[in-house]
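K.L.:
Following this message is one structure expressed as C-alpha coordinates.
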Amino acid sequence: MVLIDLINANGTHFSPNSWRVRMALAHKGLAFEVRDIGFMDVPSLHPQGEKVTIPTLVHGERWVTDSFAIVRYLDEAFPNTPRLTGTGSETALLQFFQNWVQTTVHAGLARLIMQDLHRSLLPTDQAYFRESRERIYKMTIEEIQAGREERVAAFHKSLQPMRQSLQAQPFLGGAQPSYADYLAFGGFQWARISSTFAVLNADDVVHTWFERCLDLYGGLGRQDAAAVATR
Ligand SMILES: N[C@@H](CCC(=O)N[C@@H](CS)C(=O)NCC(=O)O)C(=O)O
(Lines give C-alpha, C1' and ligand atoms only; values in the text may rest on other atoms or scores of the structure.)
Protein backbone atom coordinates (compact mmCIF):
# COMPACT_ATOMS: atom_id res chain seq x y z
CA MET A 1 0.00 0.00 0.00
CA VAL A 2 1.15 3.48 -0.83
CA LEU A 3 -0.12 6.57 0.98
CA ILE A 4 0.19 9.66 -1.20
CA ASP A 5 0.84 12.57 1.12
CA LEU A 6 1.80 16.23 1.04
CA ILE A 7 5.13 17.46 2.39
CA ASN A 8 6.20 20.95 3.43
CA ALA A 9 9.57 22.60 2.84
CA ASN A 10 11.11 20.50 5.65
CA GLY A 11 9.91 17.28 4.08
CA THR A 12 7.44 16.91 6.98
CA HIS A 13 3.92 15.51 6.50
CA PHE A 14 1.48 18.17 7.67
CA SER A 15 -1.92 17.32 6.13
CA PRO A 16 -4.56 16.93 8.89
CA ASN A 17 -6.61 14.51 6.82
CA SER A 18 -3.54 12.36 6.11
CA TRP A 19 -2.73 12.20 9.82
CA ARG A 20 -6.12 10.60 10.42
CA VAL A 21 -5.15 7.84 7.99
CA ARG A 22 -1.60 7.47 9.33
CA MET A 23 -3.02 6.88 12.81
CA ALA A 24 -5.65 4.49 11.42
CA LEU A 25 -2.96 2.44 9.65
CA ALA A 26 -0.92 2.30 12.87
CA HIS A 27 -4.03 1.32 14.89
CA LYS A 28 -4.46 -1.61 12.50
CA GLY A 29 -0.75 -2.47 12.46
CA LEU A 30 -0.62 -2.18 8.66
CA ALA A 31 2.63 -1.44 6.85
CA PHE A 32 2.67 1.12 4.04
CA GLU A 33 4.99 3.17 1.88
CA VAL A 34 4.66 6.90 1.36
CA ARG A 35 4.82 8.89 -1.86
CA ASP A 36 5.68 12.51 -1.06
CA ILE A 37 4.15 15.21 -3.22
CA GLY A 38 3.37 18.94 -3.25
CA PHE A 39 0.01 20.64 -3.94
CA MET A 40 1.13 21.27 -7.52
CA ASP A 41 1.37 17.52 -8.17
CA VAL A 42 -2.23 16.75 -7.10
CA PRO A 43 -4.06 17.49 -10.41
CA SER A 44 -1.87 15.07 -12.43
CA LEU A 45 -1.62 12.21 -9.91
CA HIS A 46 -4.27 9.80 -11.17
CA PRO A 47 -3.19 7.80 -14.26
CA GLN A 48 -6.68 8.11 -15.85
CA GLY A 49 -7.05 11.74 -14.84
CA GLU A 50 -9.63 11.18 -12.09
CA LYS A 51 -9.84 13.92 -9.47
CA VAL A 52 -8.15 12.95 -6.21
CA THR A 53 -7.48 14.77 -2.95
CA ILE A 54 -4.88 14.11 -0.28
CA PRO A 55 -4.71 11.63 1.34
CA THR A 56 -5.06 9.02 -1.38
CA LEU A 57 -4.26 5.36 -0.74
CA VAL A 58 -3.12 3.10 -3.59
CA HIS A 59 -3.52 -0.62 -2.89
CA GLY A 60 -2.48 -2.64 -5.95
CA GLU A 61 -4.73 -1.37 -8.75
CA ARG A 62 -7.19 0.27 -6.35
CA TRP A 63 -7.10 4.03 -5.76
CA VAL A 64 -9.03 5.24 -2.71
CA THR A 65 -9.31 8.98 -2.09
CA ASP A 66 -10.91 10.82 0.88
CA SER A 67 -9.77 9.95 4.41
CA PHE A 68 -13.10 8.50 5.55
CA ALA A 69 -13.41 6.33 2.42
CA ILE A 70 -9.84 5.10 3.04
CA VAL A 71 -10.62 4.07 6.63
CA ARG A 72 -13.81 2.27 5.55
CA TYR A 73 -11.82 0.55 2.81
CA LEU A 74 -9.16 -0.58 5.32
CA ASP A 75 -11.88 -2.04 7.57
CA GLU A 76 -13.24 -4.04 4.61
CA ALA A 77 -9.93 -5.07 3.03
CA PHE A 78 -8.33 -6.11 6.36
CA PRO A 79 -11.19 -7.63 8.39
CA ASN A 80 -8.83 -9.27 10.88
CA THR A 81 -7.40 -5.95 12.07
CA PRO A 82 -9.04 -3.74 14.76
CA ARG A 83 -12.05 -1.99 13.22
CA LEU A 84 -12.35 1.79 13.17
CA THR A 85 -15.81 2.22 11.69
CA GLY A 86 -18.78 0.26 13.04
CA THR A 87 -22.42 -0.40 12.40
CA GLY A 88 -24.43 2.05 10.28
CA SER A 89 -25.38 4.31 13.18
CA GLU A 90 -21.89 4.26 14.70
CA THR A 91 -20.39 5.27 11.37
CA ALA A 92 -23.00 8.02 10.97
CA LEU A 93 -22.06 9.37 14.40
CA LEU A 94 -18.36 9.34 13.46
CA GLN A 95 -19.23 11.33 10.35
CA PHE A 96 -21.10 13.82 12.51
CA PHE A 97 -17.99 14.15 14.69
CA GLN A 98 -15.86 14.60 11.56
CA ASN A 99 -18.18 17.46 10.55
CA TRP A 100 -17.68 19.06 13.97
CA VAL A 101 -13.89 18.66 13.65
CA GLN A 102 -13.95 20.32 10.22
CA THR A 103 -16.18 23.24 11.21
CA THR A 104 -14.82 23.90 14.71
CA VAL A 105 -11.32 22.43 15.07
CA HIS A 106 -9.93 22.81 11.53
CA ALA A 107 -11.68 26.11 10.83
CA GLY A 108 -10.62 27.50 14.22
CA LEU A 109 -7.02 26.36 13.84
CA ALA A 110 -6.77 27.66 10.28
CA ARG A 111 -7.40 31.20 11.54
CA LEU A 112 -4.59 30.77 14.12
CA ILE A 113 -1.86 29.32 11.88
CA MET A 114 -2.61 30.25 8.24
CA GLN A 115 0.35 32.58 7.67
CA ASP A 116 2.78 30.21 9.41
CA LEU A 117 1.40 27.31 7.37
CA HIS A 118 1.87 29.25 4.14
CA ARG A 119 5.45 30.06 5.11
CA SER A 120 6.20 26.38 5.90
CA LEU A 121 5.12 25.05 2.49
CA LEU A 122 7.33 24.06 -0.43
CA PRO A 123 8.26 27.27 -2.29
CA THR A 124 6.64 25.78 -5.42
CA ASP A 125 3.30 25.45 -3.54
CA GLN A 126 3.14 28.87 -1.93
CA ALA A 127 1.64 30.94 -4.77
CA TYR A 128 -1.13 28.38 -5.42
CA PHE A 129 -1.87 28.03 -1.71
CA ARG A 130 -2.09 31.80 -1.22
CA GLU A 131 -4.33 32.34 -4.23
CA SER A 132 -6.71 29.44 -3.44
CA ARG A 133 -7.04 30.24 0.28
CA GLU A 134 -7.42 33.98 -0.24
CA ARG A 135 -10.25 33.21 -2.68
CA ILE A 136 -12.01 30.99 -0.09
CA TYR A 137 -11.59 33.40 2.85
CA LYS A 138 -11.98 36.61 0.81
CA MET A 139 -9.01 38.10 2.70
CA THR A 140 -5.22 37.87 2.57
CA ILE A 141 -3.24 35.07 4.24
CA GLU A 142 -1.91 37.69 6.66
CA GLU A 143 -5.43 38.91 7.51
CA ILE A 144 -6.66 35.35 8.13
CA GLN A 145 -4.12 34.92 10.95
CA ALA A 146 -4.09 38.53 12.25
CA GLY A 147 -5.28 39.09 15.83
CA ARG A 148 -4.82 35.48 16.86
CA GLU A 149 -3.65 36.37 20.37
CA GLU A 150 -7.06 37.96 21.01
CA ARG A 151 -9.02 35.20 19.26
CA VAL A 152 -7.37 32.10 20.74
CA ALA A 153 -9.52 32.19 23.92
CA ALA A 154 -12.68 31.83 21.81
CA PHE A 155 -11.08 28.83 20.09
CA HIS A 156 -10.37 27.23 23.49
CA LYS A 157 -14.00 27.77 24.47
CA SER A 158 -15.21 26.08 21.28
CA LEU A 159 -13.43 22.86 22.37
CA GLN A 160 -15.68 22.41 25.42
CA PRO A 161 -17.41 19.25 24.06
CA MET A 162 -13.99 17.54 23.74
CA ARG A 163 -12.91 18.83 27.13
CA GLN A 164 -15.96 17.41 28.89
CA SER A 165 -15.34 13.93 27.45
CA LEU A 166 -11.61 14.09 28.22
CA GLN A 167 -12.22 15.10 31.83
CA ALA A 168 -13.92 11.73 32.28
CA GLN A 169 -11.75 9.44 30.14
CA PRO A 170 -8.27 9.39 28.54
CA PHE A 171 -9.48 9.21 24.93
CA LEU A 172 -12.58 10.34 23.04
CA GLY A 173 -13.06 6.62 22.37
CA GLY A 174 -13.01 5.87 26.13
CA ALA A 175 -10.16 3.87 27.68
CA GLN A 176 -8.59 3.28 24.25
CA PRO A 177 -8.17 5.55 21.21
CA SER A 178 -10.76 5.36 18.44
CA TYR A 179 -11.14 6.97 15.04
CA ALA A 180 -12.79 9.95 16.78
CA ASP A 181 -9.43 10.57 18.48
CA TYR A 182 -7.60 10.41 15.16
CA LEU A 183 -10.10 12.80 13.55
CA ALA A 184 -9.41 15.47 16.17
CA PHE A 185 -5.70 14.61 16.45
CA GLY A 186 -5.15 15.37 12.76
CA GLY A 187 -6.11 19.00 13.24
CA PHE A 188 -3.86 19.63 16.22
CA GLN A 189 -0.99 17.80 14.54
CA TRP A 190 -1.40 20.03 11.47
CA ALA A 191 -1.04 23.08 13.73
CA ARG A 192 1.90 21.62 15.66
CA ILE A 193 3.86 20.85 12.49
CA SER A 194 3.06 24.10 10.69
CA SER A 195 3.38 26.67 13.47
CA THR A 196 5.04 27.34 16.81
CA PHE A 197 1.97 29.27 18.05
CA ALA A 198 0.52 27.66 21.22
CA VAL A 199 -3.00 26.75 20.12
CA LEU A 200 -3.74 25.04 23.49
CA ASN A 201 -2.89 26.01 27.07
CA ALA A 202 -0.59 23.55 28.83
CA ASP A 203 -3.10 23.09 31.69
CA ASP A 204 -5.94 22.16 29.32
CA VAL A 205 -7.05 18.52 29.38
CA VAL A 206 -7.23 18.74 25.56
CA HIS A 207 -3.50 19.51 25.57
CA THR A 208 -2.83 16.49 27.83
CA TRP A 209 -4.92 14.30 25.50
CA PHE A 210 -3.00 15.57 22.45
CA GLU A 211 0.35 14.72 24.09
CA ARG A 212 -1.08 11.26 24.88
CA CYS A 213 -2.03 10.82 21.22
CA LEU A 214 1.49 11.89 20.14
CA ASP A 215 2.86 9.04 22.30
CA LEU A 216 0.71 6.37 20.61
CA TYR A 217 2.32 3.72 18.40
CA GLY A 218 5.87 4.35 19.55
CA GLY A 219 5.50 8.12 19.33
CA LEU A 220 4.48 8.05 15.66
CA GLY A 221 3.32 11.68 15.68
CA ARG A 222 6.53 12.87 17.28
CA GLN A 223 8.74 11.02 14.79
CA ASP A 224 7.32 12.69 11.75
CA ALA A 225 7.13 16.06 13.46
CA ALA A 226 10.78 15.90 14.52
CA ALA A 227 11.81 17.93 11.50
CA VAL A 228 10.01 20.94 13.00
CA ALA A 229 12.63 21.25 15.71
CA THR A 230 15.41 21.59 13.14
CA ARG A 231 13.60 24.19 11.04
N1 LIG B 1 -12.60 15.10 2.47
C2 LIG B 1 -11.22 14.90 2.09
C3 LIG B 1 -10.54 16.24 2.05
C4 LIG B 1 -9.16 16.11 1.54
C5 LIG B 1 -8.52 17.43 1.25
O6 LIG B 1 -9.17 18.46 1.07
N7 LIG B 1 -7.21 17.41 1.20
C8 LIG B 1 -6.45 18.57 0.92
C9 LIG B 1 -5.11 18.52 1.61
S10 LIG B 1 -5.25 18.25 3.38
C11 LIG B 1 -6.19 18.64 -0.57
O12 LIG B 1 -6.06 17.61 -1.23
N13 LIG B 1 -6.10 19.83 -1.11
C14 LIG B 1 -5.79 20.01 -2.48
C15 LIG B 1 -5.80 21.43 -2.80
O16 LIG B 1 -6.12 22.26 -1.93
O17 LIG B 1 -5.48 21.72 -3.95
C18 LIG B 1 -10.55 13.94 3.09
O19 LIG B 1 -11.01 13.84 4.23
O20 LIG B 1 -9.58 13.27 2.74
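K.L.:
Anything in the range 74-114 that is hydrophobic (A, V, I, L, M, F, W, C) and under 30 Å from GLU142 (Cβ atoms)? List them, or say none. Don't jump to the end; show me each part of the working.
P.N.:
Step one: filter the range 74-114 for residues hydrophobic (A, V, I, L, M, F, W, C), giving 74, 77-78, 84, 92-94, 96-97, 100-101, 105, 107, 109-110, 112-114.
Result: TRP100, VAL101, VAL105, ALA107, LEU109, ALA110, LEU112, ILE113, MET114.
K.L.:
Within the range 172-179, can one find any residue that is assigned by TED's automatic domain parsing to the domain that holds ARG111 and touching an Asp or Glu at 6+ places or on another chain (Cβ under 9 Å)?
P.N.:
First, pick out the residues of the range 172-179 that are assigned by TED's automatic domain parsing to the domain that holds ARG111: 172-179.
So of that shortlist, the ones also touching an Asp or Glu at 6+ places or on another chain (Cβ under 9 Å) come out as 172-173.
So far as the range 172-179 goes, yes, one or more of its residues are assigned by TED's automatic domain parsing to the domain that holds ARG111 and touching an Asp or Glu at 6+ places or on another chain (Cβ under 9 Å).
K.L.:
Any idea which of (1) more than 26 Å from LEU216 (Cα to Cα); (2) of a type in the set (A, V, I, L, M); (3) surrounded by fewer than 16 Cβ atoms within 10 Å (Cβ to Cβ); (4) away from the ligand (no atom under 13 Å from the Cβ) is the one ILE144 doesn't satisfy?
P.N.:
If we test ILE144 against (1) more than 26 Å from LEU216 (Cα to Cα); (2) of a type in the set (A, V, I, L, M); (3) surrounded by fewer than 16 Cβ atoms within 10 Å (Cβ to Cβ); (4) away from the ligand (no atom under 13 Å from the Cβ), just (3) comes out false.
K.L.:
Out of the range 82-95, which residues are in contact with a Gly (Cβ under 9 Å, 6 or more places away or on another chain) and in a helix (DSSP H, G or I)?
P.N.:
Looking only at the range 82-95, we keep the residues that are in contact with a Gly (Cβ under 9 Å, 6 or more places away or on another chain), and these are 82, 93-94.
Scanning the range 82-95 gives LEU93, LEU94.
K.L.:
Mind checking which strands (runs of 3 or more DSSP E) fall wholly inside the range 1-81 and carry at least 3 residues that are in contact (Cβ under 8 Å) with a residue 12 or more places away in the chain? It would help to see each step written out before you state the result.
P.N.:
On the way: elements: 2-6, 33-37, 56-59, 62-65.
So the answer is 2-6, 33-37, 56-59.
K.L.:
Please give the number of the condition SER132 fails out of (1) free of Cβ contacts under 8 Å to residues at least 24 places away in the same chain; (2) under 25 Å from ASP224 (Cα atoms); (3) within 13 Å of the ligand (Cβ to nearest atom); (4) in the same structural domain as ALA191 (by TED's automatic domain parsing).
P.N.:
Of (1) free of Cβ contacts under 8 Å to residues at least 24 places away in the same chain; (2) under 25 Å from ASP224 (Cα atoms); (3) within 13 Å of the ligand (Cβ to nearest atom); (4) in the same structural domain as ALA191 (by TED's automatic domain parsing), only one is false for SER132: (2).
K.L.:
Looking for whichever is under 11 Å from ALA180 (Cα atoms), in contact with a helix residue (DSSP H, G or I) (Cβ under 7 Å, 6 or more places away or on another chain) and modelled with pLDDT of 95 or more here; the options are LEU117, LEU94, LEU74, LEU109. Which one fits?
P.N.:
On the way: LEU117 fails: under 11 Å from ALA180 (Cα atoms); LEU74 fails: under 11 Å from ALA180 (Cα atoms); LEU109 fails: under 11 Å from ALA180 (Cα atoms).
Matching residue, one of LEU117, LEU94, LEU74, LEU109: LEU94.
K.L.:
Would you point out which residue out of ASN80, ASN17, ASN99 is polar (S, T, N, Q), within 16 Å of the ligand (Cβ to nearest atom) and surrounded by fewer than 21 Cβ atoms within 10 Å (Cβ to Cβ)? So that I can check it myself, show each step before the final result.
P.N.:
Working: ASN80 fails: within 16 Å of the ligand (Cβ to nearest atom); ASN17 fails: surrounded by fewer than 21 Cβ atoms within 10 Å (Cβ to Cβ).
Criteria check complete, one pass: ASN99.
K.L.:
Which of (1) surrounded by 15 or more Cβ atoms within 10 Å (Cβ to Cβ); (2) over 20 Å from the mean Cα position of the chain (by Cα) is the odd one out, the single condition VAL206 does not satisfy?
P.N.:
With (1) surrounded by 15 or more Cβ atoms within 10 Å (Cβ to Cβ); (2) over 20 Å from the mean Cα position of the chain (by Cα) applied to VAL206, the lone miss is (2).
K.L.:
Being closer than 18 Å to LEU84 by Cβ, outside the structural domain of LEU121 (by TED's automatic domain parsing) and within 10 Å of the ligand (Cβ to nearest atom) narrows it down to one of ALA31, ALA69, so name that one.
P.N.:
Details: ALA31 fails: within 10 Å of the ligand (Cβ to nearest atom).
The conditions single out ALA69.
The values are calculated or read from the model by the stated rules, or taken from the named source; none is laboratory data. Since we're looking at a predicted model, the values are computed, not measured. Using ideal geometry, Cβ is built from the backbone for each residue, glycine included, and neighbour counts are taken over all protein chains shown.
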